[in-house]
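Before any comments, here is the structure.
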Amino acid sequence: RERQGTIVNLLDAYLVVIKSKLDKGMSIKDNDNSVYSSGSDEYDDDMTFEGLLSSNRWTEYFHEVSKTLDIELCGYDTDGVQLFLANENPFCKYGRSVKSEILDCPNSCHSLLKSDGHNVFKCRAGLTYFSFHVERFNEKVFIVGRAGFAAYEDLLDFLKIVRDNNLPELPIAAPFVFLGKDAIQDISNYIYLSIDRQLDNVEEKYKVEER
């Protein structure tokens, strides 16, 4: 519990830093390295919103955010087609590989793509994950973030599923960090704000360059 409290305190401190940078119009990187620092380098009139968010510059940005916060980030179009995957969660990777009906991975996550707003759920494996959508140019993209287990009991339930269903051995080592629903909701909110601010700047710079 002491370790968990320390992790949560560090996360709270980091989120304060993110908020401070967002308020100044910055990315989690410095201004020179933000996804809009070079303006619309990868954007042209024929590029779709989906294409923009899956471009090299945005993919690098999503990888940095996901690794810093130790979560998996995925983007999907409205048909559920994956646009990018950053920092794959080892438990999600395991669930996808074993293709167990009891875990129903990744189908149990895809139900989020039908929900608007900010949502925090547990999947069949007991992992906590969130979803929100971003919209520009009359196009919508869903962002799904997959974190770890919210509590030790969720991990035990998952291990019981693996054991009771004779699933393959789990190639994942401890230690584990448990973040509750409130912490995951905070992460979701700040990632949304960060993406939204980045998109505002991309859109504004593109309009300026058009003039």
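The values are calculated or read from the model by the stated rules, or taken from the named source; none is laboratory data. Quick caveat: nothing in here was measured; it's all calculated off a predicted structure. A quick note on method: Cβ atoms are made from the backbone with ideal geometry, for glycine too, and the neighbour counts reach across all protein chains shown. For accessibility, only protein heavy atoms count, side chains too; no ligands or nucleic acids. Shrake-Rupley method; radii C 1.70, N 1.55, O 1.52, S 1.80 Å.
In the list LEU156, LEU179, LEU170, which residue meets the criterion of being surrounded by fewer than 16 Cβ atoms within 10 Å (Cβ to Cβ) and outside any helix (DSSP H, G or I)? Write out each step before concluding.
Details: LEU156 fails: outside any helix (DSSP H, G or I); LEU179 fails: surrounded by fewer than 16 Cβ atoms within 10 Å (Cβ to Cβ).
Result of the check over LEU156, LEU179, LEU170: LEU170.
Specify which of the listed residues (HIS133, HIS110) is touching a Lys or Arg at 6+ places or on another chain (Cβ under 6 Å) and open to solvent by 40 Å² or more (accessible area, probe 1.4 Å). Can you show your working first?
Values: HIS110 fails: touching a Lys or Arg at 6+ places or on another chain (Cβ under 6 Å).
Going through HIS133, HIS110 in turn, just one is touching a Lys or Arg at 6+ places or on another chain (Cβ under 6 Å) and open to solvent by 40 Å² or more (accessible area, probe 1.4 Å): HIS133.
Just checking, which of ILE161, ILE184 is within 30 Å of GLY117 (Cα to Cα) and either of a type outside the set (D, E, K, R) or modelled with pLDDT under 85 (or both)? Break it down stepwise before answering.
Details: ILE161 fails: within 30 Å of GLY117 (Cα to Cα).
Going through ILE161, ILE184 in turn, the sole match is ILE184.
Among (1) open to solvent by less than 40 Å² (accessible area, probe 1.4 Å); (2) without any contact (Cβ under 8 Å) to a residue 24 or more places away in the chain; (3) over 26 Å from GLY80 (Cα atoms), which single condition is SER115 missing?
SER115 satisfies every listed condition except (3).
Has the range 63-79 got any residue that is over 16 Å from the mean Cα position of the chain (by Cα), modelled with pLDDT under 90, surrounded by fewer than 21 Cβ atoms within 10 Å (Cβ to Cβ) and not acidic (Asp, Glu)?
So the first thing to find is which residues in the range 63-79 are over 16 Å from the mean Cα position of the chain (by Cα), and the list is 78-79.
Next, only the ones that are modelled with pLDDT under 90 stay: 78-79.
The next check asks that each one be surrounded by fewer than 21 Cβ atoms within 10 Å (Cβ to Cβ); those that pass are 78-79.
Checking which are not acidic (Asp, Glu) leaves us with 78.
Among the residues of the range 63-79, at least one is over 16 Å from the mean Cα position of the chain (by Cα), modelled with pLDDT under 90, surrounded by fewer than 21 Cβ atoms within 10 Å (Cβ to Cβ) and not acidic (Asp, Glu), which makes the answer yes.
Answer with yes or no whether VAL120 is β-branched (Val, Ile, Thr), at pLDDT below 85 and either within 28 Å of TRP58 (Cβ to Cβ) or open to solvent by 50 Å² or more (accessible area, probe 1.4 Å) (or both).
Values: β-branched (Val, Ile, Thr): yes; at pLDDT below 85: no; either within 28 Å of TRP58 (Cβ to Cβ) or open to solvent by 50 Å² or more (accessible area, probe 1.4 Å) (or both): yes.
So VAL120 fails the test.
Please enumerate the residues belonging to the range 136-153 that are open to solvent by 40 Å² or more (accessible area, probe 1.4 Å) and without any contact (Cβ under 8 Å) to a residue 40 or more places away in the chain. Give the derivation first.
Restricting attention to the range 136-153, the residues satisfying the condition of being open to solvent by 40 Å² or more (accessible area, probe 1.4 Å) are 137-140, 152-153.
The answer is ASN138, TYR152, GLU153.
Under 7 Å between Cβ atoms, which residue pairs at least 6 apart in sequence (or on different chains) link something in the range 68-92 that is touching a residue at least 40 places away in the same chain (Cβ under 8 Å) with a partner that is open to solvent by 20 Å² or more (accessible area, probe 1.4 Å) and among the basic types (Lys, Arg)?
Once the first residue is touching a residue at least 40 places away in the same chain (Cβ under 8 Å) and sits in the range 68-92, its partners that are open to solvent by 20 Å² or more (accessible area, probe 1.4 Å) and among the basic types (Lys, Arg) give THR78/LYS140.
Every residue in the range 185-194 that is among the aliphatic types (A, V, I, L, M) and surrounded by fewer than 22 Cβ atoms within 10 Å (Cβ to Cβ), please. Walk me through how you get there before you give the answer.
We begin by selecting, within the range 185-194, every residue among the aliphatic types (A, V, I, L, M); these are 187, 191, 193.
If the condition is that a residue be among the aliphatic types (A, V, I, L, M) and surrounded by fewer than 22 Cβ atoms within 10 Å (Cβ to Cβ), then LEU193 is the only one that fits.
Only one of (1) assigned to a loop (DSSP other than H, G, I, E, B); (2) in contact with a strand residue (DSSP E or B) (Cβ under 7 Å, 6 or more places away or on another chain); (3) buried (at least 22 other Cβ atoms within 10 Å of the Cβ) is not met by LEU103, so which one is it?
So LEU103 meets the others, but not (2).
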